[in-house]
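The values are calculated or read from the model by the stated rules, or taken from the named source; none is laboratory data. Remember, it's a predicted structure, so these values are computed and weren't measured experimentally. Cβ coordinates were reconstructed from backbone atoms using ideal geometry, including for glycine residues, and neighbour counts include every protein chain displayed.
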Amino acid sequence: MVSEVPYREAQMLIDEEIATLRAQAQKAESLLIARRNAVAPAAKLPNEVLVDIFLLSRDTSEPGARDWLPVCQICRHWRLVAVGTASLWTQIYVRSLAFTVLMLKRSQQAPLEIHFPLHRWRSSSYRAATVTAVIRQIARIRTLSFVEQDASILEVAHEELARIHLDAGILENLTVHIRDTEAADHQLGLALEVFRTTNGRLRALSLSNLQLLGWNTLLSVASGLRQLTLREVDTAAPISGARFSEVLRQMVNLEKLSLSFDDIQLHQYTAPTARTPAAARLKPIDLPWLKSLEIRSRSRLEPVEAFLVHASYPRLQNLCITCGDSENRTDYATVIRAMASSIRKGGFGTPEVLKIFGDRFFVSPALGVGSPYVDVFLPLTTDLRGEETDVAIVMDILACLVPQSPPNSDAVSSLRNLYLGNLLLPADDFIHLFGYLPHLESIEVFGELALVLFEALAITSLPDQDLAPNSPIAFSKLQTITWQRMVEYVQDYQMQSVVFDAFYGCLLARRDRGAAILTLDLVGSKRLNMYQADKLKEVVDNVVVRQW
């Protein structure tokens, strides 16, 4: 009698045959898919084109995003090309230890661009391991950025650098920004000497919220720097104005400079006066290639004035200054005069745009992105001379636009666009300051200042018995008026009658004098009632009423 095979053993044998057949089928299917993909147009793209596609996908993604990776996995050939392209893995935004190590491996020996962005680390040991893995590649790091990091992350970097004894031989861009919550006087070993950047290759240096162990540290990299940013950077010891100037004079190739004077312990650094002996005057700071300058100083105006007076920068096109204390009244005349000297020394072109608000003024030769500009954040309305009006501070600002003093409206004749807000200016002074700018085409005013403009237009539209019949009217070229925040004077889509009558009256008078306003832009209300809208259209060709 033939013995029967147990059913479970028989099933296992059959399962093995099924598994073998499936493996063979999968292998055959993979071969067929590979052959199918091989005849597709995408498979025939040269490797150089594929690399361009990968790099374009990466560079057009958000910094640190990984949404470009699926493009590299379209097929086996694309994956192989991507993995073998070292340059594709050199731009690393560090968030994951495993992915960082993978990218470091795939980048082979290519120069690296490594960023430590704001990130909540899993643990301090995980963070230390990630930093250590990166710092071991310091010899091929070209850009290294620590943004909003704990001070301890730099200590880890310091310890690892001391252990491996490698120089940052090709480092060109270094950014170190410590969290605001960290103490600025934290004694960090990470000054420039930590990365041993003494080879003159460093081009851009940005430090924030840390202590520079010595101002002389900057001397080792001064000649090569193109960009320097020091914000909330404390100095371990006081610095004389002469020493401060001497170090900056070595930065002859500097193109962009950003300084915060609040934490730099400067002494003996003030702008010279007529009584300053020649021997006591500091040597000028010549920065022939500087194009962008940003200065911050909330509590001290003297170093701002001194720097603007001592420095020379014929190619300067962007000047941004933030200074002053809004809590106390101060005379800003001297610092604004120093700004005026900077404008005249720079390459800003002819000013056509002027914006003056309660805490800021802005000057530019044209509207639009890319134009040179001067942007000054200053609590103008706390000027010591402005308890009743802001006339004095406005005259100082106008003086910035005058090639030579004394200031007068004829000398700033290039202005075409004027923006004014949050200022105390009587109508007579408004006329004196702006009424006879021969090229002024548009005025934009905010809130209550519009009422002053209406009064000024009404006054200057009336015939003056003391003037000759053909004398030019004030605001003679004015074509456009924009009134921002008019909503304060509108209720239920109707402008207050007193305000409307004054507004309509000045527009009518200008039309009758042959100097009609062509465009009226009223911002702050969806519409006006039909009567008021129609009345305005009688005297202005183009009336726009909009909420935003």
**Q.** Selected residue (criterion: modelled with the lowest pLDDT) from residues of the range 221-240 that are part of a helix (DSSP H, G or I) and in contact with a Leu (Cβ under 6 Å, 6 or more places away or on another chain)
**A.** VAL221
Q: Working only within the range 82-110, note down all residues that are closer than 21 Å to LEU166 by Cβ and surrounded by fewer than 16 Cβ atoms within 10 Å (Cβ to Cβ).
A: ALA86, VAL101, LYS105, GLN108, GLN109, ALA110
Q. How many of the residues in the range 292-339 are within 19 Å of the chain's Cα centre (by Cα), outside any strand (DSSP E or B) and under 15 Å from LEU248 (Cα atoms)?
A. 0
Q) Quick one: would you say ARG243 is closer than 21 Å to LEU290 by Cα, surrounded by fewer than 17 Cβ atoms within 10 Å (Cβ to Cβ), out of contact with any strand residue (DSSP E or B) (no Cβ under 7 Å at 6 or more places or on another chain) and modelled with pLDDT of 70 or more? A) yes
(Q) Given the criteria buried (at least 16 other Cβ atoms within 10 Å of the Cβ) and of a type in the set (Val, Ile, Thr), does VAL363 qualify? (A) yes
Q | Failed item in (1) assigned to a helix (DSSP H, G or I); (2) modelled with pLDDT of 90 or more, with LEU254 passing the rest | A | (1)
Q) Here are some conditions: (1) more than 20 Å from THR482 (Cβ to Cβ); (2) modelled with pLDDT under 90; (3) not in a helix (DSSP H, G or I). ALA399 meets all but one. Which one does it not meet? A) (3)
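To keep it simple, each residue is scored yes or no on (1) modelled with pLDDT of 85 or more; (2) over 25 Å from GLY386 (Cβ atoms); (3) of a type in the set (A, V, I, L, M, F, W, C).
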| position | (1), (2), (3) |
| --- | --- |
| GLU327 | no, no, no |
| VAL353 | yes, no, yes |
| ASP359 | yes, no, no |
| TYR373 | yes, no, no |
Q: Check the range 93-109 and report whether any residue there is in contact (Cβ under 8 Å) with a residue 12 or more places away in the chain, within 25 Å of LEU205 (Cβ to Cβ), in contact with a strand residue (DSSP E or B) (Cβ under 6 Å, 6 or more places away or on another chain) and in a strand (DSSP E or B).
A: yes
